[in-house]
Each structure stands twice: as C-alpha cells, then as structure tokens.
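The values are calculated or read from the model by the stated rules, or taken from the named source; none is laboratory data. Quick caveat: nothing in here was measured; it's all calculated off a predicted structure. Every residue, glycine among them, receives a Cβ derived from its backbone with ideal geometry; neighbour counts consider all protein chains shown.
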Amino acid sequence: MAGQGTVPDSLSGIGAFVAVVRAGSFTLAAERLGVTKSAVGKSLNRLEQRLGVKLIRRTTRRLQLTFDGEAYFQACSSALDGIAAAEAQITPYDKVLRGRVHIDMPMAFGKRVLLPLLLDMAAPHPELALTMRFNDATADLMRDEADLAIRFGQLPDSAHLVARKLTSQERLICGSPGYLQAHGVPVNLSDLNGHRCIVGTSHGPPQQWSVREEGRVVRITPPATHQLSDGESIVETALAGFGLCQMPVSLLRSHIAQGRLVPVLQAHSGVQVDIHLLWVRQAIPAPRVRYVIDQLIAHAERGALD
C-alpha cells in the first residue's frame, strides 16, 4: 500500500511503460525520462507483476507489445496525453518547467542562429534540460523521438506532424574573391557548366539549386565538383576557394559583409526557402515543449531567425 503523501508506484510504472513503447527502446525512454535504463526496467517489471500479465516482449532486436500490452498502451497513452493537455492549459511559464526537450536542427543554422536563442530560453528554467542534435539529414520524429525539428524547404505530407512556418530566407549563390578571380564570374546560368560547384548529398543539403529563369522558379543541377553532407562544411569549402555554393542568406551574410564571399548570378538568385518548426501531433504538447515552441515562434516574429 502506498504511504500517505506518496504517489502510487503503479502511476510511475505507467509513465515508464508508455515512454518505452513510444521510444522503442529502454535506453531512449530512460533518456527522455531523465532516469537510468535500469530504473525504467525495474518500474516496468513492477507494473507487469502488479497486473499479472506481460506487456512487452523483449528480443535482442526490438520490443513488441503483447495483445494485453497493446490494449493497455492505448488506454494509458490517451490518459497521459489528457493529463499533459490539462497541465499545458494550467501551467504558466513563470512556474517551474521540468524535463527534457529534444530538438533536431540543421547544423550551420542550428549552431549560428538557434543555439544562442535556445540557451537564452533555457537559462531562466534550471530544471529544463535540452538535447540538441545538429545534422542536415532529415530526422523522422516518429522514429528518432525528437520533440521538435527545424527544417528548411519543402516538407513531406504527414498526418502525424504539425508544421509551423517560422520564416523564409533567400538563397544566394556565392564564391570567394580568389575563386572568382581564378575562374571568372558567371554571367548566366549556362556558365555554371564551366565552373566548380559545391553541393549537398542525398542525405544532406540539396544537390540541386533553386533559381529564377525567365520569371519562373526552377531547379537546376550544377556540376557536383564537391559534395558535402552539411551546410556548414559547404560554406567553409566555398570560403576556401574551392567553388560556388548556394545557401540560405543567414549562413552567408557575415561572410559577404566581410568580403570573404561575393554573390553572383543575382538576377537568378533570391529564391525563398521556408523554415518550419515540426512536432508530433498530439492533444497538446507538454508544457516544456509548448514553451520552446512559443518562444521560437516569438523570436521568428521579431525577425531573429531571418
């Protein structure tokens, strides 16, 4: 019997159970809950002993819900979402925000633009923990268990995700002064065929460039002289004089102002790329996640992400 003033152990077991199923692993569930993997396993074992049934079959490759586990998960998941929704409605931001928020973001934009903003958001809330992952591959929020993701460009259709446009940025084509002196300045799009170009990879930034041609936005495939898997490396390679690149203006602005990069083909540049904030669709996000969402939207409206 639970002692007076204590939370029944079955409730913590339910939280651990739902976290394990949603994460797909004990390790990820423990990280999201801020406890050890062993603690999650013990909590789930106690829950299964109390219920007298097996909820999850553990194999070396994956976890699989039993028939009873599937039914129990649906009920518990809905109940916890309802609790999170109620908390989100009544928890003001001047109260304590607890727990971890996982955010996945592009490498260069994340480090240069988002990281300082996210640290400022977290500073007033010492019990708010951030896991920030910087990469230019497209994360599957349902699989990777990120709470939020920042994405450039067109989004895939998904009934499981909520997308909020934060801002748009121009894409510019640039080269270093040294490169342009050695190879010449392209005047029209066909000149690109004689140039060295720095593009992304199939799992990173685009391999194609978006340009304006005869009043239309079209996608072209420049020579893939160098292929890099993240935007930060693409910019650094262009700065080193290895070719032309096309990137969002926020990653180029300071280099252009310092004369380290020079925009070219400006009559064909300036195509906008949208930047979206994504999260998994649910009743209402947990207060800590809602706080980060609202703060990012507020910063975007002030132009801090441009």
Please find, within segment 199-248, the residue that is farthest from residue 105 (Cα to Cα) out of those that are within 27 Å of the chain's Cα centre (by Cα) and among the hydroxyl-bearing types (Ser, Thr, Tyr). 221
Hey, can you tell me all the residues within segment 163-212 that are within 24 Å of residue 260 (Cα to Cα), among the hydroxyl-bearing types (Ser, Thr, Tyr) and assigned to a helix (DSSP H, G or I)? 179
If residue 186 meets every condition in (1) closer than 28 Å to residue 106 by Cα; (2) touching a Leu at 6+ places or on another chain (Cβ under 6 Å) apart from one, which number is that one? (1)
Working carefully through the options 199, 249, find the one that is assigned by TED's automatic domain parsing to the domain that holds residue 306, in contact with a helix residue (DSSP H, G or I) (Cβ under 8 Å, 6 or more places away or on another chain) and hydrophobic (A, V, I, L, M, F, W, C). 199
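Looking only at segment 40-64, how many residues end up being under 28 Å from the mean Cα position of the chain (by Cα) and surrounded by 13 or more Cβ atoms within 10 Å (Cβ to Cβ)?
The first filter runs over segment 40-64 and keeps only residues under 28 Å from the mean Cα position of the chain (by Cα), leaving 40, 61-64.
Now drop any that are not surrounded by 13 or more Cβ atoms within 10 Å (Cβ to Cβ), which leaves 40, 63.
Adding up the residues that qualify gives 2.
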Is it true that some residue in segment 28-36 is within 25 Å of residue 128 (Cα to Cα) and modelled with pLDDT of 85 or more? yes
For segment 245-288, which residues satisfy the criterion of being out of contact with any Cys (no Cβ under 8 Å at 6 or more places or on another chain), closer than 22 Å to residue 305 by Cβ and part of a helix (DSSP H, G or I)? 249, 250, 251, 253, 254, 257, 288
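Within segment 186-198, track down each residue that is of a type outside the set (D, E, K, R) and either out of contact with any strand residue (DSSP E or B) (no Cβ under 6 Å at 6 or more places or on another chain) or over 19 Å from residue 247 (Cβ atoms) (or both). Talk me through it step by step, then tell me what you get.
The first filter runs over segment 186-198 and keeps only residues of a type outside the set (D, E, K, R), leaving 186-190, 192-195, 197-198.
Those that are of a type outside the set (D, E, K, R) and either out of contact with any strand residue (DSSP E or B) (no Cβ under 6 Å at 6 or more places or on another chain) or over 19 Å from residue 247 (Cβ atoms) (or both): 187, 188, 189, 190, 192, 193, 194.
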Anything in segment 213-244 that is acidic (Asp, Glu), outside any strand (DSSP E or B) and out of contact with any helix residue (DSSP H, G or I) (no Cβ under 6 Å at 6 or more places or on another chain)? List them, or say none. 214, 236
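Hey, among the residues in segment 97-114 that are part of a helix (DSSP H, G or I) and basic (Lys, Arg), which one's nearest to residue 253 (Cα to Cα)? Write out each step before concluding.
To start, the set of residues in segment 97-114 that are part of a helix (DSSP H, G or I) comprises 107-114.
Filter once more, keeping what is basic (Lys, Arg): 111-112.
On the way: 111: 15, 112: 12 Å.
Ranking the qualifying residues of segment 97-114, first place goes to 112.
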